[in-house]
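The values are calculated or read from the model by the stated rules, or taken from the named source; none is laboratory data. Keep in mind that this is a model prediction, so the values were computed, not measured. Here the Cβ positions follow ideal geometry from the backbone for every residue, glycine too, while neighbour counts run over all protein chains shown. In case anyone asks, the SASA skips ligands and DNA or RNA and just uses the protein heavy atoms, side chains included. Shrake-Rupley method; radii C 1.70, N 1.55, O 1.52, S 1.80 Å.
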Amino acid sequence: MERADKAVLRLAIGLALAVLLAYGLALPSPFVLCVMTVLLLSKPGPPMPLLKGMVVAVLVAVVLAAGVLMVPLLEHYASVALVLTALLLYAVFFVGLQSGSPLANIVAIAFTLVPVAGVVDQALVPAISTAIALGLFVGVLVGSLSHALFPDDPDAGARPALPAVAAHAVRWRAAQATLVVMPVLVMALIHPAFYLSAIIKSVLLGQQAGSTGARSAGRVLVGSTLAGAGMATLAWFGLALLPTLWMLVLWMAAAALWSGARLFGLKASALPPSFWSNALVTMLILLGPAIEDSVVGKDVGHASLVRVSLFIVLALYAWAVVWVLEGWRASRSSRVGQFE
């Protein structure tokens, strides 16, 4: 079995187990656990050791629970809290771009998600912290078991080396990602109805925008959003035929197999791996709230249409940020060159 085959199976089994735990135990915001698992398992390279992963999951849960301390700042000193959050996000994106660690996106989501959840309802903070920590644990557990049952070749054990990027380019990309996320955070504080999925989507768009140029940004950012919406629609109609937990698990595993084959290169694709990982996550943050809406009797079609429209607007905004900043950077470089 090739390394890519193992990675695809790892992703499908991990997502299936996360869905079974999250929805079987009726956890609050169950799709958050699924998203964390996918983010951890969609990166190439050997899995995190089990013991280290458990320690990281516990530490993340403790740090996230402490995020409730930001709530008084957001309520009484909103401008100070937003500046502090922007600086923290910039630092997280900067470290993540340098290291390539999947934990960077998870921490960035947590830094924005937990304080906003605390403003809406402080009881949500421990629930979301638990979901994120469980998602990390499931991803590490599945990765470790998969690696134990189907070990990679010793020669292929190391994570592929990241291409060297100049420090100023990393700083620029981190600032670009922060600019994508911050307006969504402000919007979530004003209108928290769709804050949970919108914040997750904005962090993914910020990371994605930092790794693509203006020419391909539209196809990658908007395209992955539309692909995720299509996958969510297909899974929803499939669930309508037989709405059971086991069918949900099977549909999620099938989606992970289909997108994972392109993500890890088993199927040829002209699109980058980030396209397929973000499409899969977009499917989760569209389908999860739709399931919750159906349980409480809301109009699923209308709410889903609003979410998809919001995500497309966010993708277009991220594309505009890339265009504006790249244009400004190019003009600035040309002016500097004229004086040399």
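Tabulated results
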item	result
Criterion (closer than 23 Å to SER309 by Cβ and open to solvent by less than 50 Å² (accessible area, probe 1.4 Å)) met by exactly one of GLY260, GLY288	GLY288
Subset of the stretch 73-108 that is assigned to a helix (DSSP H, G or I) and among the hydroxyl-bearing types (Ser, Thr, Tyr) - its residue that is nearest to LYS52 (Cα to Cα)	SER99
The one condition in (1) in a loop (DSSP other than H, G, I, E, B); (2) within 14 Å of the chain's Cα centre (by Cα) that MET36 fails to fulfil	(1)
Among the residues listed as GLY143, GLY139, GLY118, GLY135, the single one being over 20 Å from VAL181 (Cα atoms), open to solvent by less than 10 Å² (accessible area, probe 1.4 Å) and out of contact with any Leu (no Cβ under 6 Å at 6 or more places or on another chain)	GLY143
Those residues of the stretch 63-77 which are surrounded by 12 or more Cβ atoms within 10 Å (Cβ to Cβ) and either modelled with pLDDT of 80 or more or not small (Gly, Ala, Ser) (or both), in sequence order	VAL63, LEU64, VAL68, MET70, VAL71, PRO72, LEU73, LEU74, GLU75, TYR77
Matching residues, the stretch 291-306, being assigned to a helix (DSSP H, G or I) and either crowded, with 22+ Cβ neighbours inside 10 Å or of a type in the set (Asp, Glu) (or both)	GLU292, ASP293
